[in-house]
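Enquirer: Below are the structure tokens for one structure; questions will follow.
The values are calculated or read from the model by the stated rules, or taken from the named source; none is laboratory data. Worth saying up front: this structure is predicted, and the values here are computed from it rather than measured. Reconstructed Cβ throughout: ideal geometry from the backbone, glycine too, with neighbour counts over all protein chains shown.
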Amino acid sequence: MNLLVLFGSMAVLLALSIPIGIALGLSTALTLALTSNIPLIMIAQTSFAALDSFPLLAIPFFMLAGSLMSYGGISRRLVILAETLVGQVTGGLAMVTTVACMFFAAISGSGPATVSAIGSFMIPAMKEKKYDDDFAAALTAAAGSIGVIIPPSIPFVIYCVVSGASVGELFIAGVVPGIIIGASLMLLSWFVAKKRGYPKSERREKSDAGLLRSVYDASWALMVPVIILGGIYGGVFTPTEAAVVAVVYALLIGKFVYRELDLKTTIDAFREAVLVNGATTFMVGLSMAFASYLTMEQVPMKVGSYIVSVSSEPVVVLLLINAMLLVVGCFVDNISSMIILTPILLPVVKGFGVDPIHFGLVMTAALAIGFVTPPYGANLFVASAISGVPIDGISRRIVPIVGVMLLCLLLFTFFPSVSMGLVRLLR
């Protein structure tokens, strides 16, 4: 009865388009009030206790760093570099979009932020070159999901806070899979461009001098992941301190090197980061309260027992878990899903000998596909707002792209060395 009220009320609230954080909090409150003797103050206590976490401080600072770099001209220079590298290939502008998203992913740690920063340049550019509007929006939405795979990644931080895994190791585990997803989207773009006759880019010269100039211009931006990962693995600072370093670096580069951060743009960047972080922090706290109630009801143990009872074969279990994550990702935000499902699923896969770092990568990749699947794909909404293409139009064109991402997910799931190779090398 308790769980029926909990999940039933949450489904109704989501169907009414209530924001996910509020839906989680209200469904927990309704369940406590109607079916339990647990006082409602538990929600506030659990939420505040969960947010009182040093590792979680990395999230607002990474958001702020990404915002400052976007306003400071870094995203534009990354687009220029990407266009110099691959713009002359068939389907060049689509490939430029993917490569630029990969570059920006190493700065922002957020899927929607990556779509917004890169899409605002590349979607109009693709439309100008007669790319289909719906394909331009769909590809940008999908490429933006790389923002949560290539480090730094906000969902990686959330997973590690919930599971106790190493943030630094999970950051390293995301490097190769992020590159594989990007390369797969570029290959698909080539086939689509070849079939539909999309033109090559003619906006950047393909010469050694042009390439060197673009690399030099973007070199300050490209140093960000080097500083973050190098500092973490060199023992210079923690992931949270790395996020603060990224903010200071973004301020200095935007103000004194690129000279595009003035008082107004700096305030705008801080305002954007505060608004996004406020919504995210609210959602994280109430998600923790929701997850705590599930633990009180022994839901993790029951779900784990059920999954194991279906099959004792690791391959089947991992396929079932991936299917569950893909369905959940269609309806629930990445961060909330991570908080709620990690305590449920991690003990199950650990029983089959799956490394927590490997599972964190697989879980993030599966939920990242939810960024581009209706009805609640956050990247779809951002791409739709930029391009003016309705969600249903983007959804039709994104089907083959999602198919490619699913193949990548299966690769990561059943070949752990893809994600764990670098981690084992550095352990």
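Enquirer: Out of the helices (runs of 4 or more DSSP H) lying entirely within the stretch 7-81, which hold 3 or more residues that are surrounded by 15 or more Cβ atoms within 10 Å (Cβ to Cβ), in contact (Cβ under 8 Å) with a residue 60 or more places away in the chain and outside the structural domain of Tyr216 (by TED's automatic domain parsing)?
Expert: Output list reads 20-35, 41-51.
Enquirer: Test each condition in (1) farther than 25 Å from Pro19 by Cβ; (2) of a type in the set (A, V, I, L, M); (3) surrounded by 12 or more Cβ atoms within 10 Å (Cβ to Cβ) for Ala289 and report the one that comes out false.
Expert: It is condition (1) that Ala289 fails.
Enquirer: If I filter the stretch 342-383 down to residues being at pLDDT 85 or above and either in a loop (DSSP other than H, G, I, E, B) or outside the structural domain of Ser292 (by TED's automatic domain parsing) (or both), which single residue comes out as surrounded by the fewest Cβ atoms within 10 Å (Cβ to Cβ)?
Expert: Step by step, filter the stretch 342-383, then rank; the result is Gly353.
Enquirer: Let me ask something else. Considering each residue of the stretch 233-264, count those that are touching a Gly at 6+ places or on another chain (Cβ under 9 Å), under 17 Å from Ser108 (Cβ atoms) and either in a helix (DSSP H, G or I) or not assigned by TED's automatic domain parsing to the domain that holds Ile107 (or both), and give that number.
Expert: 9
Enquirer: Still on this structure, please answer the following. Taking the condition of being under 29 Å from Ser166 (Cα atoms) and not hydroxyl-bearing (Ser, Thr, Tyr), how many residues in the stretch 230-269 meet it?
Expert: 18
Enquirer: Let me ask another. Only one of Ala113, Ala136, Ala125 is surrounded by fewer than 24 Cβ atoms within 10 Å (Cβ to Cβ), part of a helix (DSSP H, G or I) and not acidic (Asp, Glu); which? Before the answer, list the steps.
Expert: Details: Ala113 fails: surrounded by fewer than 24 Cβ atoms within 10 Å (Cβ to Cβ); Ala136 fails: surrounded by fewer than 24 Cβ atoms within 10 Å (Cβ to Cβ).
Ala125 is the lone residue from the list that is surrounded by fewer than 24 Cβ atoms within 10 Å (Cβ to Cβ), part of a helix (DSSP H, G or I) and not acidic (Asp, Glu).
Enquirer: Next up: Any chance you could count how many residues in the stretch 394-425 are of a type in the set (Gly, Ala, Ser) and closer than 21 Å to Ala137 by Cα? Let's see the steps before the verdict.
Expert: So the first thing to find is which residues in the stretch 394-425 are of a type in the set (Gly, Ala, Ser), and the list is 395, 403, 417, 419, 421.
Those still in the list that are closer than 21 Å to Ala137 by Cα too: 395, 403.
Summing the residues that are of a type in the set (Gly, Ala, Ser) and closer than 21 Å to Ala137 by Cα in the stretch 394-425 gives 2.
Yes/no matrix, rows are residues, columns are (1) surrounded by 23 or more Cβ atoms within 10 Å (Cβ to Cβ); (2) in a helix (DSSP H, G or I); (3) touching an Asp or Glu at 6+ places or on another chain (Cβ under 7 Å); (4) at negative phi:
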site: Val161; (1), (2), (3), (4): no, yes, no, yes
site: Ala165; (1), (2), (3), (4): no, no, no, yes
site: Leu170; (1), (2), (3), (4): yes, yes, no, yes
site: Pro177; (1), (2), (3), (4): no, yes, no, yes
site: Ala183; (1), (2), (3), (4): no, yes, no, yes
site: Leu187; (1), (2), (3), (4): no, yes, no, yes
site: Phe191; (1), (2), (3), (4): no, yes, no, yes
site: Lys194; (1), (2), (3), (4): no, yes, no, yes
